[in-house]
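These notes are about the structure you will find just below.
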Amino acid sequence: MSRKYFGTDGIRGRANTHPMTAELALRLGVAVGHYFKGDARANRVVIGKDTRRSGYMLETALTAGLTSVGMDVYLLGPVPTPAVGMLTRSMRADLGVMISASHNPYYDNGIKFFGPDGYKLSDEVEHAIEDLLEGGAPLAGSDDIGRARRIEGDRTRYVEFAKTALPRRLRLDGLKIVIDCANGAAYKTAPEVLWELGAEVVAMGVSPNGFNINEGCGSTAPEAAAARVLAERADLGICLDGDADRVIIIDETGAVADGDQLMGLIATRWAEAGLLARNTLVATVMSNLGLERHLADIGLTLLRTPVGDRYVVEEMRAGGYNLGGEQSGHIVMSDFVTTGDGLIGGLQVLRAMVETGQKASALTRVFTPVPQLLQNVRFDAARVPLDAPRVQKAITDAKAKFGTEGRLLIRKSGTEPLIRVMGEHADAALLETTVNAIAAEIAKA
């Protein structure tokens, strides 16, 4: 059964436009608060956000809804998404909320939820919340309305938590690191962690104004950090996104390493140390075929899931795996965190540099990628272009041309009105003409 509001990562849309309005956020607070409220004790909710101007509006509306059903709300202010997952568990809260549209521009925003275990909600729970959202939920009595307060020290708690991802003996002395925080949620915490570990820190994307989040910076625009790495003669660049749950790495030559290369590095090192659970990495259908072949060559397994880091996490939990992620840079290490954590992912690269004495360029080029091309085609939500006969024929023809030597993936985005057409094949020319042909037919439809 499809969901009306929830996508692959919570509810997302253009701020102050349905569904990302204060009115819906208020109703959502009532629905989710009622779902998670227990009767025997006081119930806690922690709410974090990134640096978008619209975060104030949504935070206030959610707080009103949650307190109206008797939940006590603790406001964290701007913190990374993984900090919300961590603090939900640490504070024994019944619910965690992150207000963010991740890597999207400032004019979008979103709301995602964490259960009391610090993990994102399942499809089943989201369905139940949507039912309450549509049908309504009872409010608390006048004597049982919840309260709200801002809490201090949550940033420090996350800083200390992030450092536990490295052995206590390990320091980053002598390393010069560019950290691009995308003018987002980690603009204070990420530079602080690196500095406390001993690195010389060159911080950028740390001047949020409510509108410049992800603008020409961060993991979706790593060119600025790459130029800064070269200008500063830095040893490494770490690019986070707006809510700091994904990471892209820049080596000392200015080359970019995506999530697939980082997962390949971590999986290889963990397997050598006997730390990779069941010798398996969990990744999505978007991860490069080259990663899968590299892992097979060293006796490891790549297990694929649908796109979305929460599906990766669900598979990890179900199968007892401890490493997973996405090509986009979500790296999930369940020995440390319950969701993607860009900073802790970057720290794993730094650990490898310190322990091996090798440069980033030698460590982050783990495998040779199979040429991959992704085309995003925007569509009218009222239409169903993938069902058009001409589109179906183009897809069938492409699969026949690729045979067993390549991969083709066509899917609707779970967060935007886009159809993503992804192909992989060693013949780059064939890849380009085939993917472009499918994208053109979708655009016509």
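The values are calculated or read from the model by the stated rules, or taken from the named source; none is laboratory data. Predicted model only: the values in this text are computed from it and were never measured. With ideal geometry, Cβ positions are generated from the backbone for all residues, glycine too; neighbour counts draw on all protein chains shown. For the accessible areas, the whole protein counts, side chains as well, though only heavy atoms, and no ligand, DNA or RNA atoms are used. Shrake-Rupley method; radii C 1.70, N 1.55, O 1.52, S 1.80 Å.
Worth pointing out:
- LYS444 paired with GLU232, simple spin-label distance in nm, labels 7 Å along Cα-to-beta-carbon: 5.0
- Here LYS359 is the anchor, and the aspartates and glutamates within straight C-alpha reach of less than 14 Å, apart from those fewer than 8 places off in the same chain, are ASP235, ASP251, GLU252.
- Here LYS393 is the anchor, and the aspartates and glutamates within straight C-alpha reach of less than 12 Å, apart from those fewer than 8 places off in the same chain, are GLU441.
- The chain - Debye-derived log10 I(q)/I(0), Cα point model, q = 0.05, 0.11, 0.14 Å⁻¹: -0.18, -0.87, -1.35
- Candidate aspartates and glutamates for bridging to LYS120, where Cα separation is under 17 Å - those fewer than 8 sequence places away on the same chain excluded: ASP9, ASP94, GLU130, ASP243, ASP245, ASP309, GLU314, GLU315, GLU326, ASP335, ASP341
- Sorted on the mean count of surrounding Cβ atoms within 10 Å across their residues, most packed first, peptides 245-254, 371-380 read 245-254, 371-380.
- Label-point gap, in nm, between ALA437 and VAL384 - each point 7 angstrom along Cα→Cβ: 2.6
- Net charge contributed by nearby residues that have their C-beta within less than 12 Å of GLU130 (K/R +1, D/E -1): -2
- Considering only ILE151, THR189, VAL178, and ranking their Cα positions along the charge dipole of the range 147-197 that arises from unit charges at the beta-carbon of Lys, Arg, Asp and Glu, the one farthest toward the positive end is ILE151.
- Computed from the C-beta positions of GLN392 and ALA128, the FRET efficiency with R₀ = 30 Å rounds to 0.30.
- Antiparallel %, DSSP beta bridges [both residues in the chain], to 5: 50
- The apolar share of the surface of the range 227-333, taken as the fraction of accessible area on carbon and sulfur atoms (1.4 Å probe, ligands and nucleic acids excluded), comes to 49 percent.
- Amide H to amide H, with H built 1.01 Å from N, LEU303 comes under 5 Å of LEU281, VAL282, ALA283, counting only residues 5 or more places away or on other chains.
- Only Lys, Arg, Asp and Glu carry charge here, each on its Cβ (+1 for the first two, -1 for the last two); on that basis the range 201-280 has a dipole of about 180 debye about its Cα centre.
- Heavy-atom surface of the range 275-314, accessible at 1.4 Å and reported per residue (Å²): 38
- Rough spin-label spacing in nm, given labels placed 7 Å along Cα→Cβ, for LEU275 and SER207: 3.8
- Cβ-defined net charge surrounding PRO105, 14 Å radius [Lys, Arg +1; Asp, Glu -1]: -2
- Net charge dipole size for the chain [Lys, Arg +1 and Asp, Glu -1 on Cβ; Debye, nearest 20]: 160
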